[in-house]
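Read the figures in this text as sums done on the coordinates, not as results from a lab. In this text, all values refer to a predicted model and were calculated from it rather than measured experimentally. Glycine also receives a Cβ, built like all others from the backbone with ideal geometry; neighbour counts cover every protein chain displayed.
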Amino acid sequence: MKPSRLTVTEKPVKEIAADLLVFCALEKKDKSPKCDRAVKSRVEKAFSLGDFKGKAEEELLFYPEPKEGKAKRILLIGLGEMDPKKDPDEIFETLREAGGGIAKACERTKAKTLVLCLPEIPGFGAEDTADALAQGILLGDYRFAKYKESTRKETDYTGLTTIQFSAGKSVKQVRKGARKGLTAARAACEARNMANEPGNGWTSKEFADHAKALAKTHGLIYKCLEKKELEKLGMGGILAVNQGSAIPPRLVILEYRPAKKSQTIMLVGKGITFDSGGISLKPAQGMGDMKYDMCGGAAVLSAMQAVGEEKPPVGVVALIPATDNMSGSRAVRPGDIIRHFNGVTSEVLNTDAEGRLVLADALAYGIKTYKPDCVIDAATLTGAVIIGLGHHHTGLVSNNEKLTSLVTAAGKKAGEPVWPLPLTKAYKKQIESKVADIKNLGGKDGGTITAAAYLSNFVDKTPWVHLDIAGTAWDFTEKSYIPKGPSGIAVRTFLNLIRDWNNPDLKTDNV
């Protein structure tokens with residue numbers, strides 16, 4: 001799928017030829033919806049007949065007369081009531097969902113070219129309006145058809161080719177917002193692409209190759225620790241998980257250093273490219289979805305794509321411990337004891353609890369090497385988080401209240417909500433081992449938290465947030481801009497966090 005071209009124009013929409021021209025309408029209690037005067041008479045008539053009130057996600061499609069412009073079709077889309085006192089993040093999400101609805105309308109009408117007359121939202125700037133709508137349209141227009149060959153038809157809809165925003169007088173702000181939305185959406189779609197690749201199409205090598213290409217394109221610093229280096233460094237967790245595989249493991253690292261000295265955010269993403277469960281074999285039903293077990297790594301790497309494009313004032317370093325988890329003849333066995341990079345020994349009770357093993361080494365190595373001001377990891381870590389939170393919230397466990405609030409705000413703005421869970425000594429006690437320092441399973445009770453308790457042994461006092469995305473990386477809450485399959489979760493949360501970073505003092509808020 002080729003990326004859509006997004007431009008901003010000052011031209012009146014009547015002068016622009018397009019397959020679909022879109023106007024937005026704001027619901028007004030017991031009154032005709034507020035809209036652009038170009039379609040006011042149409043809206044008033046539809047309102048008088050009870051056909052259109054401007055409610056959120058409400059649509060009205062018609063075919064214009066020649067005097068109404070050059071577009072083949074005109075779509076009216078409702079945004080609902082837009083109270084200036086409404087939470088800005090809720091407005092952002094409403095606009096993002098409207099953008100997804102527009103993309104779906106384009107698919108229904110097979111529109112390749114789109115023009116959007118940007119609405120004026122009371123108390124909400126043109127930059128944010130353009131950002132939200134751009135995200136929604138581009139995320140909603142996503143599809144993965146790379147491997148469709150003999151079944152592909154000429155009539156298949158392949159997505160939008162060009163998108164134009166009619167900016168009115170706010171061209172500068174709209175361009176800035178559209179660029180931000182484009183960067184965020186493309187990064188999230190790249191994470192979706194990685195996740196959609198089959199286990200034989202995306203391995204540790206592909207993670208490394210993609211990171212190397214990003215480094216070359218955007219001037220980032222690339223490093224990849226291969227198997228021999230991992231052995232020399234004593235990364236027993238990554239090596240243990242990889243023992244049953246024919247494909248060597250890698251620790252892929254990308255670093256962005258701003259021109260001026262700043263704080264550094266470290267991102268770590270679980271990169272298990274296929275998870276069979278190892279000797280603790282998963283059931284056959286649903287195992288095909290285990291190609292998605294690298295969604296944390298995909299999110300981290302895709303966020304670095306956006307970082308490379310935007311060059312923020314804060315430093316960012318990303319680490320992806322990458323391997324598959326297979327049950328070959330040398331596979332790690334239940335009961336084996338391993339030693340991690342920082343010297344902590346672990347009793348492996350279940351080889352299907354492998355994500356924490358690879359993340360542990362990456363966290364310990366990254367913190368020692370790069371000395372970040374904070375670290376956030378993302379991983380499809382536990383089925384327990386789905387039992388607790390379903391597919392609507394990402395689970396969050398942290399040792400720092402300030403960082404928790406920053407990540408929570410970034411997720412809320414992205415439409416990727418998180419839910420904090422406690423981490424106390426009682427949970428840490430559940431992973432104590434009689435024969436090693438810790439064990440990789442704490443029992444059924446509080447499984448998401450005990451997995452995080454395992455990771456807490458590798459972050460020391462560094463402010464840290466762990467995001468368990470097992471319930472949201474795929475089958476995420478149904479939305480107009482979220483496809484079936486991988487959602488690209490956490491990419492835009494990371495990007496919001498990085499964009500809004502203001503060198504906070506995190507040291508005083510450790511819990």
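Quote to one decimal, in nm, the extra length available between Glu309 and Lys282 on full extension: 0.36 nm per residue of separation minus the C-alpha distance between them.
Gain in length upon complete extension: 5.8 nm.
Sort Met82, Met266 so that the residue with the fewest other Cβ atoms within 10 Å of its own Cβ comes first and the one with the most comes last. Walk me through the numbers on the way to the answer.
Numbers: Met82 23, Met266 27.
Going from sparsest to densest Cβ surroundings: Met82, Met266.
Kindly provide the Kirkwood hydrodynamic radius of region 5-169 in Å, to one decimal, from all pairs of distinct alpha carbon atoms. Mind showing how you got there, number by number?
On the way: mean 1/r = 0.0614 Å⁻¹.
Kirkwood hydrodynamic radius for region 5-169: 16.3 Å.
To the nearest 10 degrees, how steeply does helix 355-370 sit against the main Cα axis of the chain, on a 0 to 90 scale?
Compared with the principal axis, the helix lies near 90 degrees.
Which value in deg cm²/dmol, rounded to the nearest 500, describes the helix-derived mean residue ellipticity at 222 nm for the chain, given -39,500 (n - 2.57) per DSSP H run of n ≥ 4 and division by the residue count?
Values: 14 runs with 176 residues, N = 511.
When only DSSP H runs of four or more count, the value is -11000 deg cm²/dmol.
Quick check: pseudo-label points 7 Å beyond the Cα along Cα→Cβ at Arg37 and Glu226, how many nm apart are they?
So the label points at Arg37 and Glu226 sit 6.9 nm apart.
List the aspartates and glutamates whose alpha-carbon lies under 15 Å from that of Lys413, not counting same-chain residues fewer than 8 positions away?
Asp87, Asp89, Glu90, Glu93, Glu97, Glu127, Asp128, Asp131, Asp500
Evaluate the distance, in nm, between pseudo-label points positioned 7 Å from the Cα of Thr508 and of Ser329 along their respective Cα→Cβ axes.
Taking the two extended label points, one gets 6.1 nm.
In sequence order, what are the phi-derived ³J(HN,Hα) couplings for region 258-264 according to the Karplus relation 6.51 cos²θ - 1.76 cosθ + 1.60 with θ = phi - 60°, rounded to whole Hz, with x for glycine and proline?
Listing the rounded values in order: x, 4, 9, 4, 8, 6, 10 Hz.
Please list, by residue number, everything in region 192-216 whose backbone N is under 16 Å from a paramagnetic label point 7 Å out along Cα→Cβ of Ala246.
Within reach of a label on Ala246: 199-205.
To the nearest 10 degrees, how steeply does helix 295-310 sit against the main Cα axis of the chain, on a 0 to 90 scale?
Taking the Cα atoms of the chain, the angle to 295-310 is about 60 degrees.
Let me spell out the model: positive unit charges on the Cβ of Lys and Arg, negative unit charges on the Cβ of Asp and Glu, origin at the Cα centre of the chain. What dipole size does that give, in debye rounded to 20? Each step should come with its number before you reach the end.
Numbers: 74 positive and 62 negative charges, 236 e Å.
So the dipole magnitude of the chain works out to roughly 1140 debye.
Could you give P(r) for region 251-346, binned at 5 Å from zero, as whole percent values over all Cα-Cα pairs?
Computed distribution, short to long bins: 3, 12, 16, 16, 17, 13, 10, 7, 5, 2, 0.
Can you pull the semi-axes for the chain, root of five times each eigenvalue of the Cα gyration tensor, sorted largest first, whole Å?
The equivalent ellipsoid of the chain has semi-axes of 44, 23, 21 Å.
Mean separation of Cα pairs under 8 Å and 6+ residues apart, divided by the residue count of the chain: what relative contact order is that in percent?
15 percent
Most exposed first by the Cβ proxy, i.e. fewest other Cβ within 10 Å, how do Cys295, Cys24 rank?
Working: Cys295 31, Cys24 27.
Lowest count first: Cys24, Cys295.
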